[in-house]
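Heads up, the thing below is written out as C-alpha cells.
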Amino acid sequence: MSDILRFREDETVDHASVTVDAFLEQTNSNAVRIEPGDDARALLQHLDQIKLVEVNFPVFGDGRGYSAARVLREAGYDGEIRAVGDVLVDQIGFMRRCGFDSFEPEKAFDEADAKAAFERWPEVYQPTTDGRTPIWAKRHG
Amino acid sequence: MYKYDQYDQAMVDTRVEEFRDQVKRRLEGKISEDQFKPLRLMNGLYLQLHAYMLRVAIPYGTLNSAQMHALADIADKYDRGYGHFTTRQNIQYNWIKLEEAPDLLADLAKVEMHAIQTSGNCIRNISSDQYAGATADEIIDPRPYAELLRQWSSFHPEFSFLPRKFKICVIASDTDRAAMKLHDIGIQIVKNDAGEIGARFYVGGGMGRTPMIAPMIRDFVPLDQLVTYSEACLRVYNRYGRRDNKYKARIKILVHELGAEEYTRQVEEEFAHLLDQGVEPPLAELERIKTFFPNPPYDKDASDEIDRSDPDFAVWVDRNTAPHKQAGYAIANISLKPIGGIPGDASTAQMHLMAELAKDYSFDECRVTHAQNIVLPDVKKSDLYTLWQKLDEAGLGTPNLDQIDDIIACPGLDYCSLANARSIPLAQRISERYANNGKSDVLGELKLKISGCINACGHHHAGHIGILGVDRKGVENYQLLLGGSEGADTSLGKITGRGFDEDGVIDAIEKVTDLYLDQKEDGERFLDTYRRIGMEPFKEAIYE
C-alpha cells in the first residue's frame with residue numbers, strides 16, 4: 001500500500017471497503033466506499049463505527065466526491081477519507097480542503113508535484129472544516 | 001472600484017505561478033491534453049479553430065483606466081492588436097500562444113486582473129448591471145455583493161468540478177440590463193417592507209440549447225446569509241445535477257426536472273445545515289468592500305444643460321446616453337458596433353483612447369456591457385460634447401445603442417470550434433444593409449442577436465430578433481426567432497419557421513422590420529408590436 005499518500009498518524013484499515021448499500025445492510029464493517037451517485041448522508045447515523053471512507057472518482061471531472069467529503073466532515077466524522085481512482089495532482093489541494101486526508105491515485109503522483117500542490121496556496125477565501133483561516137477572518141482579526 | 005489588498009494579490013500571483021507550472025508540465029509531456037484541458041479551461045484558455053483563445057475576467061464589467069491600458073498592451077504584445085469584448089462582460093484574445101500565456105497572466109496580475117474561472121465547469125466571472133452605481137433606478141450599488149461572491153467563488157474547493165459551468169449575475173434595480181433571469185443564479189438586491197436590504201434569488205435560468213427563465217426560489221435572503229444561501233444552491237446542484245449528458249447538466253435542467261418547489265426545499269434544508277457551519281463572512285467584510293464603491297466626487301453645481309446645437313452630437317446624446325442619478329451628469333455608452341464592424345472588437349488604439357477618456361471624463365472608470373459595448377458611467381453633461389468629438393474621431397461615436405445595428409454576435413465559425421455557422425460576417429452585412437436603407441433610426445429600439453450554434457453565446461433566444469446559425473447538410477443555415485427579451489419582462493424568442501441562407505435571412509429580417517413599421521401604433525417598439533399582433537403576420541410577410 002505504499003502508493004497511498006496519507007496525512008494521518010493512526011493505523012490504516014487493512015481490509016477492503018464495502019459499498020454504501022452493503023454497509024447499510026450489514027453494518028459490521030468499518031470501511032465503506034462511496035461512489036459518485038451515493039448519498040454520503042446515508043452514513044451519518046453510523047459514523048462512530050466507520051474508520052475509513054473511500055470516495056471514488058471514476059473520472060476526475062465528476063466533482064460529487066468533494067461534497068461527499070465535506071458533508072461527512074461537517075457532520076463531525078474524524079476518521080479517514082481517502083480519494084481513490086482518477087485523482088490528479090492538480091486536484092488534491094482542493095480535496096484536502098474538503099476533508100480528504102489520504103490519496104490513492106490510479107497513477108502515482110510525482111512526489112515533488114504533489115508537495116508543491118499541497119503547499120502552493122498561502123491563503124484561502126473560504127472556511128472549511130480543514131481549519132484554515134479564511135482571508136476575511138484575517139482581515140477582521 | 002474594488003482594490004486588491006495583499007491577500008487578493010497573493011491569490012492572483014499564486015495562480016499565475018500555478019498555471020506556469022501546469023503549462024510547463026504540459027509542454028514536458030507530464031500531463032496529457034485531456035488532463036491539461038480542465039486546468040487551462042479554469043484559466044480561460046480555449047483551444048479554438050486557429051489558435052488558443054484567452055478569456056480575461058472583468059469582474060462585474062468594471063475597469064479602471066490602468067486596466068484598460070493593460071488590456072490594450074496585451075492585445076499588442078500577445079495578440080494581433082485587437083481584443084473582443086464579450087456577452088459575459090469579459091474580453092477575449094484570439095491568437096494566443098500557449099507558452100506565452102503564463103507571462104500574459106503575470107501582466108494581468110500587475111493591474112489586479114486575472115483569467116481565473118473564465119471557463120470550465122466552475123463558477124464563472126460574476127456579471128452585473130453596467131449602469132451600477134450611476135443609474136437613478138437602483139436601490140443600491142450591486143457591485144459590492146458581486147465582489148463578495150467573487151471572492152467566495154474563487155478557488156472554491158467544493159465547486160471546481162461542477163456538472164457544468166455556472167454563471168451568477170447580481171443587479172439591484174427593477175430594470176434588468178444584465179439578463180439576470182437567464183443566469184444559473186440571478187440575484188436581485190431588494191429592499192423589503194421593513195426597509196432592510198436583502199437578496200432575491202432566481203435559480204435555473206439559462207440560454208444554450210434549452211433556454212429557460214429562472215424561477216424565483218427565495219424573495220429575501222438577509223445580507224448576512226448571502227454566501228451561505230449561495231453555497232446551499234451550489235451544493236444541491238453539485239450533488240444532484242445531471243452528469244450523464246453534458247447537454248442536460250446545467251442547473252436549469254435540475255430545477256426543471258425536480259420542479260422549482262422541490263429544488264427550493266432541498267436548498268432550504270441544506271441552507272439550514274450550512275448556517276451552523278460558519279461559512280458566512282461577517283457583515284464587516286461586506287462593509288469593507290462597500291468602502292471601495294463610494295460615490296465619485298461629483299460636482300454638485302454641474303449644469304444640467306446640454307448644448308445640442310451640433311445635430312450629429314444631439315443624435316448621439318439621444319441614443320447613447322442614459323439618465324444619471326446625479327444632476328448634471330449622464331451615463332455615456334460607447335458603441336463598439338460601427339457600421340459594418342465586428343461587434344465587440346476594439347483595437348489597441350481604441351482601448352487606449354477609451355482608457356484615457358475614462359480617466360479624463362468618468363472618474364477613472366469604465367464598464368463592459370453584455371451587449372458588447374463600453375460605458376463611461378459618470379460623465380459631466382458639459383463634457384459630453386468634447387467626449388463625443390474624441391470618440392467620433394476614433395470611430396467610436398456610432399449613435400446606435402439598442403438599435404438594430406447594435407448587434408450582439410458570438411465569434412461564430414470564424415474563430416470558434418463549436419460553431420456551425422458564421423456570425424460576424426452576417427452581423428456586418430445586416431449592419432451595412434440598415435445603414436444603406438436608412439431604416440435603423442426609424443426602427444428605434446430593436447435588439448438583434450446572433451449565435452453561430454445552439455450554445456447561444458450570442459443570446460439569440462433573448463433578441464427581439466434572434467438569429468441561430470445551424471449546419472444543414474454541410475451548408476450554413478440561419479433560423480430566425482422573434483419576440484425574445486432579456487429585461488424585466490424576460491421572454492424567449494420563437495422560431496418563425498424554416499431557415500434561410502445568408503442572403504435569405506437578411507431579406508427576411510427586412511420584411512419583418514418593414515411589417516413592424518407598417519403596423520406599429522404610436523410609441524410602440526418592435527417588441528410591443530410583436531407582442532400585440534403575434535407571430536402570424538410576420539410569418540406571412542416572410543414566407544408568402
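Every read-out reported here was derived from the displayed coordinates using simple, explicitly stated rules and does not represent laboratory data. On a predicted model such as this, the values are computed, not experimentally measured, just so you know. Cβ coordinates were reconstructed from backbone atoms using ideal geometry, including for glycine residues, and neighbour counts include every protein chain displayed.
Taking the Cα centre of each part, how many Å lie between the stretch A:71-98 and the stretch B:168-185?
35 Å
Treating the beta-carbon of each Lys and Arg as +1 and of each Asp and Glu as -1, no other charges, what is the dipole magnitude of the stretch B:142-290 about its Cα centre, to the nearest 20 debye?
Working: 22 positive and 21 negative charges, 207 e Å.
The dipole magnitude comes to about 1000 debye.
Taking N as the number of residues in the stretch B:116-159, what is its Cα Rg relative to 2.2 N^0.38 Å?
Working: Rg = 12.6 Å, N = 44, 2.2 N^0.38 = 9.3 Å.
The value comes to 1.36.
By what distance, in whole Å, do the Cα atoms of chain B stretch along each of the three principal axes, largest value first?
61, 61, 56
What is the projected area of the convex hull of the Cα atoms of the stretch A:5-139, averaged over all directions, in nm²?
If you wrap the Cα atoms of the stretch A:5-139 in a convex hull and average its projections, you get 8.4 nm².
I'd like the distance between the alpha-carbon centres of the stretch B:257-296 and the stretch B:70-105, rounded to an integer number of Å.
The two parts, judged by their Cα centres, are 34 Å apart.
Limiting things to C-alpha atoms, what are the Rg and the maximum Cα-Cα separation (Dmax) for the stretch B:251-402, in angstroms?
Every Cα atom of the stretch B:251-402 included, Rg and Dmax give 21.6, 64 Å.
Below 8 Å, C-alpha to C-alpha, sequence gap of six or more: please give me the relative contact order for chain B in percent.
Details: 1174 pairs, mean separation 69.0, N = 544.
The normalised contact order for chain B reaches 13 percent.
If you check each cysteine of the protein assembly as shown for another cysteine whose beta-carbon is under 4.7 Å away, which ones come up empty?
A:C98, B:C122, B:C169, B:C233, B:C366, B:C416, B:C453
Given the pairs A:K115/B:K24; B:K290/B:K380; B:K3/B:K165, which span a C-alpha to C-alpha distance of over 22 angstrom in this model? It would help to have the intermediate numbers written out before the result.
Working: A:K115/B:K24 16 Å; B:K290/B:K380 24 Å; B:K3/B:K165 27 Å.
Listed pairs above 22 Å: B:K290/B:K380; B:K3/B:K165.
Can you divide the C-alpha Rg of the stretch B:142-290 by 2.2 N^0.38 Å and report the result to two decimal places?
Details: Rg = 14.6 Å, N = 149, 2.2 N^0.38 = 14.7 Å.
Taking N as the residue count of the stretch B:142-290, the ratio is 0.99.
Considering every residue in B:281-291, what mean count of other chain Cβ atoms within 10 Å of its Cβ is obtained? Numbers along the way, then the final one.
Details: counts 9, 4, 1, 4, 6, 1, 1, 3, 1, 0, 0.
Mean partner-chain Cβ count within 10 Å for B:281-291: 3.
Could you estimate the translational diffusion coefficient of the stretch B:311-393 from the Stokes-Einstein equation, with Rh from the Kirkwood formula over C-alpha pairs, at 20 °C and 1.002 mPa s, in whole µm²/s?
Working: Rh = 12.9 Å.
Answer from the Stokes-Einstein relation: 166 µm²/s.
Over all directions, the average projected area of the alpha-carbon convex hull for the protein assembly as shown comes to how many nm²?
31.4 nm²
B:D219 to A:D78: FRET efficiency via 1/(1 + (r/R0)^6), r the Cβ-Cβ distance, R0 41 Å, to the nearest 0.05? Provide the component values of the computation, followed by the final result.
Working: r = 39 Å, r/R0 = 0.95.
Computed FRET efficiency for B:D219 and A:D78 comes out at 0.55.
On a C-alpha basis, how far is the centre of the stretch B:376-425 from the centre of the stretch B:434-473 in Å? Whole number, if you could?
Cα centroid to Cα centroid, the span is 15 Å.
With both bridge residues required to lie in chain B, what share of the DSSP beta bridges run antiparallel, to the nearest 5%? All intermediate terms of the calculation are to be shown ahead of the outcome.
On the way: 51 of 64 bridges.
Counting DSSP beta bridges with both partners in chain B, the antiparallel share is about 80 percent.
Give me the extension gain from B:E432 to B:D312: residue separation times 0.36 nm, minus the current Cα-Cα distance, reported in nm with one decimal.
Working: separation 120, 0.36 × 120 = 43.20 nm, distance 1.93 nm.
Result for the pair: 41.3 nm of gain on full extension.
What's the local net charge at B:K290, with K and R +1, D and E -1, over the other residues with C-beta under 12 Å away?
On the way: positive: B:R143, B:R288; negative: B:D141, B:E147, B:E285, B:E287.
Here the count lands on -2.
Let's see if you can work this out: charge +1 on each Lys and Arg Cβ, -1 on each Asp and Glu Cβ, no other charges. What is the dipole magnitude of the stretch B:6-110 about its Cα centre, in debye to the nearest 20? Kindly include the intermediate steps, with their values, before the conclusion.
Numbers: 14 positive and 15 negative charges, 55 e Å.
Roughly 260 debye for the stretch B:6-110.
Based only on Cα atoms, what Rg/Rh ratio does the stretch B:408-543 have, Rh being taken as Kirkwood's radius? Could you put the intermediate results ahead of the total?
Working: Rg = 14.0 Å, Rh = 14.8 Å.
In the stretch B:408-543, Rg relative to Rh is 0.95.
Once the principal axes of the Cα atoms of the stretch B:1-121 are found, what is the range along each, listed largest first in whole angstroms?
Reported extents, whole Å, longest axis first: 41, 32, 26.
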